[in-house]
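Taking it in order: structure first as structure tokens, then the write-up.
None of the figures in this text is laboratory data; all of them are computed from the coordinates on show. Everything numeric in this text was worked out from a predicted model, so none of it was measured. Glycine also receives a Cβ, built like all others from the backbone with ideal geometry; neighbour counts cover every protein chain displayed.
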Amino acid sequence: MTLPSAAEAVVEPLEITRRPGADLWRAVAGNRKAVAGVLLLAFFLVLAIFPGQIAPYSGTAEDFGRGLGPSSAHWFGTTAYGQDVLSQLISGTRQSIIIAFAVGGLATAIAVLVGVSAAYLGGVADGVLSLITDVILVIPIFPLIIVIAAYERNSGLFTLVVVLGALGWSYGARQLRSQTLSLRSRDFLEAARVRGERRFYVIVFEIIPTMTSLIVASFLGAALYAVLFAAGLQFIGLGDPNSQSWGTMLYWAENNEALGAGMVYWAIMPGVCVALLGAAFALLNYAFDEISNPALRLRRLERKAAQELEPAPAVAAAPDSEKILEVRGLSVAYASDDGPVVAVDNVDLDLRRGEFLGIVGESGCGKSTLLYAIARLLGAPLAGEITGGQVLFKGRNMVSMTERELRAIRWREYSVVMQSAMNALNPVLTVEAQMRDALKAHSDLSKREIEKRSKEVLRLVSIDPVHLHSYPHQLSGGMRQRAMIAMALLFTPDLIIMDEPTSALDVVAQRSLMVQIKELQERLGFAVIFVTHDMSLVSHFSDRLLVMYAAQVAEFGKTRQLFDKPLHPYTQGLLEAFPSIRGENMRLVGIPGHPPDLLRPPAGCRFAARCPHAHERCAIAPPLYDVEGDLVRCVLYEHDREAVAAR
Amino acid sequence: MRFVLRRLGFFVVTLWAAITLNFLIPRLMPGNAALSMMSRYKGHINPNAMHALEVAFGIKTHESLVHAYFTYIGNIARLHFGISLTFFPDTVTHQVLQALPWTLALVGTTTILAFILGTLIGLVAAWRRGGVLDGVLPPIFVITSAFPYFWLALLAIWLFSIKLGWFAESGGYDVTTTVAWSWAFVSDAFRHSVLPAVTILVTSIGGWILTMRNNTITVLAEDYVRMARAKGLSPWRIMWHYAGRNAILPNLTGFAMSLGFVVSGAILVEFVFNYPGVGWMFLQSVENQDYALMQALFLMITVAVLIAILAADGATAILDPRTRDRS
């Protein structure tokens, strides 16, 4: 029933790819920072592998004049010992690359081992491993390495790698642990457990592949820190002074006061190399962050789509005081990597004062997008844009209003109730502070009046006003939800837009909250647009019902009429998918198949692929037909009827 | 309350781990560097100092390891770190206390400044997503955050002291001024601190900018930010109380975790500038094989980091009511 389709796939942070490879490469190639990082790294890798072929001279030979300036023979001059600086730089690359990859690999291996086992084993093992991780994380590693190096002077490359690797894994382990914890209860792991697969197998083949990007990030972070720390250690003379490395070059340059003595490149270029190699890792790390967390990427609709907005008429054609809201031809599109996704396609609807309108449909049919487009609240994560149409609220076109103009009517004239109060209430402010924010934004009420009004609305939804001073997390789920409704009532607006406000609750709490909403509505007279995927929920409360399918209106009519005589095959399917409360027992039938991909919707009827009545006429996109006041988008009803709209 | 106790417990464990490492490392190292150093000093230094070294390194073979360990911990508890070889016959404790104010003034102030500035810039960059600030600063700081601190310090000295002569080349103050709370001294010390401070600032601020920017972008996608927009709050109010207030929480945790990194860089910056602080003294002690001083300084750096983390914890508890209620 709840298959995500295009609209939601764009919105949700994408799952970290389970099967990296092709996708990963495509993502890397499309990210400028990643490309820069890969190119830099490749450059140094080539230098590290073929130093003899590339360097003009030997890195150690003291064959030349001392402290020469840059020339065509010596691009970066020579050292105080008569060595060619460029050749030394090239020969020194290998050590930095070895340190970066060896430490990165070692630290990542330990991080995976510790992080994943801690989370997967749980209990005492987790406690001990996490404590060790946190302690190592907090102890200043670099001074510790200096202490070790002070006792083990002129230690070789091997010791350096082991020490850096053994101390540099804690940050990665911590992140991998929390990621594993969040995966533990996922379905596919449960399935593996139920299948009786061995723990080791589950870890290696089920958990670790899902964390590719975190593991890569851990590797890159450790490699970066290894390059910087190793250079630092060698610079202060705690490495092997005879080794060929950038840090050692800096050590000798500093000892000979190269900068003051005019051998500028000797002192600067090794640092440039360290910085560039470090930058390669940092850029890759940053790019990976963006790739694995699509929220960080900024997508924009192409200009063209946004400009198609038709100019709105100055005044609504026929101001009908009874109609509080009129939506005409509203379309919304999301930008995606593959082009615009039209999540709301040319939707018309109207709402009278005090009316209760239900909007139903499967997940991803565009109903929430429609709601937030009407409220002018699109924006991350629903980064959609209105691409056409009008939203006339009390005669004013909200689509052409500026954010400043909107602010003046928000909450005073229409308010919003969201699906989960846990997410919709600011976790760090008390209920009172959040109510005060709203009241102060739109009125000059005194402190006492603000408190009085806040208490009043809480009483309206039967919450004890002592909870005014509570933080959201201190309230129960049902209370939070009612507190949010109370907040929506602060100014007794004309319209309250509700996005599945009860779906986070259990059935009993759901029912009582619905009754309460309905009572408040009758008492205070506001109109409601109520979005839900649960048709049975609104059956007793809504006056009219709008059924959405694949971004379009499938059917729109009086609730009673729609329940008694559903016209659209999709509506019929939806009704059969829910148990009737009063009706006789019957077999529940779902709708086979799933909604079409909104990136490339079918040219004809969008429901045809799942429709039991589909025939060749469905290849042409059907318009809406008026069947005794009930609008329906289906060719079954084309006989003797004029289409309501062109589309 | 239990949260506080648990955190304090964690700090005690960490401190214990650092002390134990300090105790074990010289004893586990092959070749016994301490022993060779002591034979070098024999006859050159006063028997009391020799005895202190023997205790510090457990050279006295008749003492069992366990006994030595507890003696060591007892000494540390009473802040008895022995006699410094570099600054003989001064005690290590006295030396450390002399270096501490310099580091606190330089590294402490710069780190806090970098954190505050970086957090602010990151917040604004994310808030004006895709704007000029957001387009320029994050990419630049991804790269500068990979710069070696000490190298940037070298460049700064070369450019601003040697070439331009704007600032002093090294040291914490001009040796011709007397160390006192006088205007001449303070202004001179300030002038000496500008270059090292800017170096630390430039290399450490990038991390805060990037994490705060990414946190804020994540938070801006939260329902409560959209709810704040729906309520018609002013953008200013949404930015500070809804986006910023929530986005800074993970940054505070990050502050605690990256502090070790900043301190490491600061040690090298002090070294390059010959700045008379803890980091410079630490490397001096390494160079002079003054192990008693070195170990004391390592412990002190650890304690300083722990205190800073404790402060970050405190700030988190003040800003996040959920932390306060967690039991």
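Observations on the structure shown:
- Annotation: amide H-H contacts under 5 Å for A:VAL627 (H modelled 1.01 Å from N, sequence separation of 5 or more, or interchain): A:VAL632.
- Counted by neighbouring Cβ atoms within 10 Å, the residues B:MET239, B:MET212, A:MET422 run from fewest to most as A:MET422, B:MET239, B:MET212.
- Across chain A, Cα pairs under 8 Å and at least six residues apart give a relative contact order of 13 percent.
- Chain A: angle of helix A:123-138 to the longest principal axis, Cα-based, in degrees nearest 10: 60 degrees
- Toward the positive end of the charge dipole of the protein assembly as shown, with +1 on the Cβ of Lys and Arg and -1 on the Cβ of Asp and Glu, the farthest Cα among A:LEU537, B:TYR275, A:TYR286 is that of A:LEU537.
- Using θ = phi - 60° and Karplus 6.51 cos²θ - 1.76 cosθ + 1.60, couplings along segment A:532-537 (whole Hz; Gly, Pro as x): 7, 9, 10, 5, 5, 5
- Residue-wise HN-Hα couplings along segment A:417-432, as the Karplus relation 6.51 cos²θ - 1.76 cosθ + 1.60 with θ = phi - 60° gives them from phi, are 10, 9, 4, 10, 5, 4, 8, 8, 9, 5, x, 9, 10, 6, 4, 4 Hz; Gly and Pro carry x.
- This model, with +1 at the C-beta of Lys and Arg and -1 at the C-beta of Asp and Glu, gives chain A a dipole about its Cα centre of some 700 debye.
- Within chain A, A:CYS273, A:CYS365, A:CYS611, A:CYS634 have no other Cys Cβ under 4.7 Å of their Cβ and so lack a disulfide-compatible partner by this rule.
- Phi angles across segment A:439-446 convert, under the Karplus curve 6.51 cos²θ - 1.76 cosθ + 1.60 with θ = phi - 60°, into 3J(HN,Hα) values of 5, 6, 5, 10, 8, 10, 4, 6 Hz, Gly and Pro given as x.
- Peptide B:150-159 shows a mean partner chain C-beta count of 5 within 10 Å per residue C-beta.
- In this structure the amide hydrogen of A:THR387, modeled in the peptide plane, comes within under 5 Å of the amide hydrogens of A:SER331, A:VAL332, A:ALA333, none closer than 5 places in sequence on its chain.
- Angle in degrees between helix A:170-184 and the longest Cα principal axis of chain A, rounded to the nearest 10: 30 degrees
- Shape category assigned to segment B:175-327 from the gyration tensor of Cα positions, a/c cut at 1.5: prolate
- Helical mean residue ellipticity (222 nm; -39500 (n - 2.57) per DSSP H run of 4+; nearest 500) of chain A: -14500 deg cm²/dmol
- Tilt relative to chain A, helix A:264-292 - C-alpha long axis, 0 to 90 degrees, to 10: 30 degrees
- Amide H contacts under 5 Å for A:ARG352, placed H, 5+ residues apart: A:ILE324
- Cα gyration tensor, chain B - rounded (a/c under 1.5), prolate or oblate: oblate
- Fraction of beta bridges assigned by DSSP in the protein assembly as shown that are antiparallel (%, nearest 5): 65 percent
- Charged neighbours of A:GLU555, selected by a Cβ distance under 10 Å, balance to 0 (K, R count +1; D, E count -1).
- For segment B:93-319, averaging the sequence separation of C-alpha pairs within contact (under 8 Å, six or more residues apart) and dividing by the residue count gives a relative contact order of 30 percent.
- Cα-based Rg / Dmax (Å) for the protein assembly as shown: 33.9, 118
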